[in-house]
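The values are calculated or read from the model by the stated rules, or taken from the named source; none is laboratory data. This structure is a prediction, so every number in the text was calculated from the model and none was measured. Cβ sites come from the backbone with ideal geometry, for glycine too, and all protein chains shown count toward neighbours.
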Amino acid sequence: MTTDSAARPPLDKARLGSGNPELMPDLTVEVVDSLGSTNAEVIRRALEGAPDGLVVVADHQTGGRGRLDRTWESPAGTSVTFSILLRPTTPTRAWPWLPLLTGYAIDKAIRASGLEAGVKWPNDVLVGDKKVAGILVERVETPQGPAAVVGVGINVSLTADELPVPTATSLELELGRPVDRTDVLVESLNAIREAVDAWELGGDDSGMRLHSSYAAACVTVGQDVRVDLPDGSVLEGRATEIDPAGQLVVESDGRRTFVSAGDVVHVRAV
């Protein structure tokens with residue numbers, strides 16, 4: 001594994017340039033050496049009229065944002081952090097599926113590296129019971145109409161001493177070997193683009209397949225969970241399913257409660 005920060009190479013910008021056959025069409029990737037927040041930058045660009053498929057990647061993100069305005073920073077050269085601008089034609093009522101769809105795509109990308117990953121509803125990817133990737137989706141009202149900014153952070157070469165919390169992990173820690181961050185980025189971008197295109201073009205059948213695939217990959221389903229809600233209340237029960245709208249269904253005392261991603265502070269296994 002890579003433990004010396006000086007030995008951590010930068011992202012390979014040549015592989016991320018326009019026209020590279022490794023990347024799916026309709027992706028325009030911009031790599032910056034250091035940036036506070038890729039989501040904030042892409043939101044700014046969206047308001048200026050940037051097109052669908054713009055990707056901003058930070059080789060080192062110094063002020064990353066998560067859900068509920070949580071902030072984090074990883075050492076330089078240890079993570080894959082990027083945001084992609086989407087201008088979906090799908091009705092906005094279906095947009096709550098975007099963080100779930102992205103999580104499923106990142107899950108597939110991580111599995112391609114040889115790890116058994118799973119998605120934790122609504123916005124994390126786990127290896128075992130430890131978080132390896134997080135997702136933040138923000139809706140932006142632009143002059144061209146509503147847009148979605150999808151931010152992703154994947155821990156690649158963080159050592160045990162560099163992990164932000166004990167419940168986190170990295171690809172290199174789990175695989176026990178070096179991992180090329182550019183490979184992870186290319187695999188992740190292609191997986192997201194493919195999933196979004198299928199979601200937009202496939203209609204109801206595609207939505208049903210996504211629902212089925214996500215539910216099968218979701219490690220939250222079947223667990224006893226504690227859901228912390230914004231008003232300070234707590235819901236405890238068994239997570240039994242993901243409904244067609246992407247909500248988590250929690251059964252407690254014979255009653256089923258439907259929880260949307262925007263209505264939770266934390267979801268934890270009990």
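If I ask for residues that are farther than 26 Å from Ser212 by Cα and in contact with a strand residue (DSSP E or B) (Cβ under 7 Å, 6 or more places away or on another chain), which ones from region 171-184 would you list?
So in region 171-184, the residues farther than 26 Å from Ser212 by Cα come out as 171-183.
Correct list: Leu171, Glu174, Arg181.
Take the conditions under 17 Å from the mean Cα position of the chain (by Cα), modelled with pLDDT of 90 or more and among the hydrophobic types (A, V, I, L, M, F, W, C) and apply them to Leu68. Does it pass? Please lay out each step first, then the result.
Details: under 17 Å from the mean Cα position of the chain (by Cα): yes; modelled with pLDDT of 90 or more: no; among the hydrophobic types (A, V, I, L, M, F, W, C): yes.
No, not satisfied.
Results for (1) at pLDDT below 90; (2) assigned to a strand (DSSP E or B); (3) not assigned by TED's automatic domain parsing to the domain that holds Asp180, shown as yes or no for each residue.
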{"residue": "Pro9", "(1), (2), (3)": "no, no, no"}
{"residue": "Gly19", "(1), (2), (3)": "yes, no, no"}
{"residue": "Glu22", "(1), (2), (3)": "no, no, no"}
{"residue": "Leu85", "(1), (2), (3)": "no, yes, no"}
{"residue": "Arg93", "(1), (2), (3)": "yes, no, no"}
{"residue": "Leu100", "(1), (2), (3)": "no, no, no"}
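Condition check: within 14 Å of the chain's Cα centre (by Cα) and surrounded by fewer than 19 Cβ atoms within 10 Å (Cβ to Cβ). Does Pro166 satisfy that?
Working: within 14 Å of the chain's Cα centre (by Cα): no; surrounded by fewer than 19 Cβ atoms within 10 Å (Cβ to Cβ): yes.
No.
For Glu116, are the conditions met, namely being assigned by TED's automatic domain parsing to the domain that holds Met24, closer than 26 Å to Arg238 by Cα and of a type in the set (D, E, K, R)? Full working, then the answer.
Values: assigned by TED's automatic domain parsing to the domain that holds Met24: yes; closer than 26 Å to Arg238 by Cα: yes; of a type in the set (D, E, K, R): yes.
Yes.
Quick one: which strands (runs of 3 or more DSSP E) sit completely within region 198-270 and have at least 3 residues that are β-branched (Val, Ile, Thr) and not assigned by TED's automatic domain parsing to the domain that holds Gly118? Please lay out each step first, then the result.
Numbers: elements: 224-228, 234-242, 248-252, 255-259, 266-269.
Fully inside region 198-270 and qualifying: 234-242.
Looking at region 145-169, which of the residues that are touching a Ser or Thr at 6+ places or on another chain (Cβ under 8 Å) and among the polar types (S, T, N, Q) is farthest from Ser113 (Cα to Cα)? Before you say what the answer is, go through the steps one by one.
Within region 145-169, the first condition is being touching a Ser or Thr at 6+ places or on another chain (Cβ under 8 Å), and the residues that meet it are 146, 149-159, 162-164.
If we keep only those that are among the polar types (S, T, N, Q) as well, we get 155, 157, 159.
Values: Asn155: 13, Ser157: 13, Thr159: 18 Å.
Filtering region 145-169 for residues that are touching a Ser or Thr at 6+ places or on another chain (Cβ under 8 Å) and among the polar types (S, T, N, Q), the one farthest from Ser113 (Cα to Cα) comes out as Thr159.
Pull up region 24-42, narrow it to residues that are in a loop (DSSP other than H, G, I, E, B) and aliphatic (A, V, I, L, M), then point me to the one that is modelled with the highest pLDDT. Spell out the reasoning first.
First, the residues of region 24-42 that are in a loop (DSSP other than H, G, I, E, B): 24-27, 36-37.
Narrowing the set further to residues that are aliphatic (A, V, I, L, M) leaves 24, 27.
Details: Met24: 93, Leu27: 96.
Step by step, filter region 24-42, then rank; the result is Leu27.
Tell me, yes or no, whether region 43-64 has at least one residue that is in a strand (DSSP E or B), in the same structural domain as Ala191 (by TED's automatic domain parsing), in contact (Cβ under 8 Å) with a residue 40 or more places away in the chain and small (Gly, Ala, Ser). Before you say what the answer is, go through the steps one by one.
Filtering region 43-64 down to residues in a strand (DSSP E or B) leaves 54-61, 64.
If we keep only those that are in the same structural domain as Ala191 (by TED's automatic domain parsing) too, we end up with 54-61, 64.
Remaining after also requiring in contact (Cβ under 8 Å) with a residue 40 or more places away in the chain: 55, 57, 59, 61, 64.
Checking the rest, the ones that are also small (Gly, Ala, Ser) come to 64.
Looking through region 43-64, at least one residue is in a strand (DSSP E or B), in the same structural domain as Ala191 (by TED's automatic domain parsing), in contact (Cβ under 8 Å) with a residue 40 or more places away in the chain and small (Gly, Ala, Ser).
Look through region 144-163, keep the residues that are in contact (Cβ under 8 Å) with a residue 24 or more places away in the chain and surrounded by fewer than 19 Cβ atoms within 10 Å (Cβ to Cβ), and return whichever of them is farthest from the chain's Cα centre (by Cα).
So in region 144-163, the residues in contact (Cβ under 8 Å) with a residue 24 or more places away in the chain come out as 144-159, 162.
If we keep only those that are surrounded by fewer than 19 Cβ atoms within 10 Å (Cβ to Cβ) too, we end up with 144-146, 159, 162.
Details: Gln144: 25, Gly145: 23, Pro146: 20, Thr159: 21, Glu162: 21 Å.
Per the stated criteria, the residue is Gln144.
Based on what the data block shows, is Glu194 charged (D, E, K, R) and in contact with a helix residue (DSSP H, G or I) (Cβ under 8 Å, 6 or more places away or on another chain)?
Yes.
List pairs: first residue in region 168-197 and in contact (Cβ under 8 Å) with a residue 60 or more places away in the chain, second residue among the acidic types (Asp, Glu) anywhere in the structure, Cβ distance under 7 angstrom, at least six positions apart or on different chains.
If the second residue must be among the acidic types (Asp, Glu), the pairs left are Pro178/Glu172; Val179/Glu172; Thr182/Asp12; Val186/Glu22; Arg193/Asp26.
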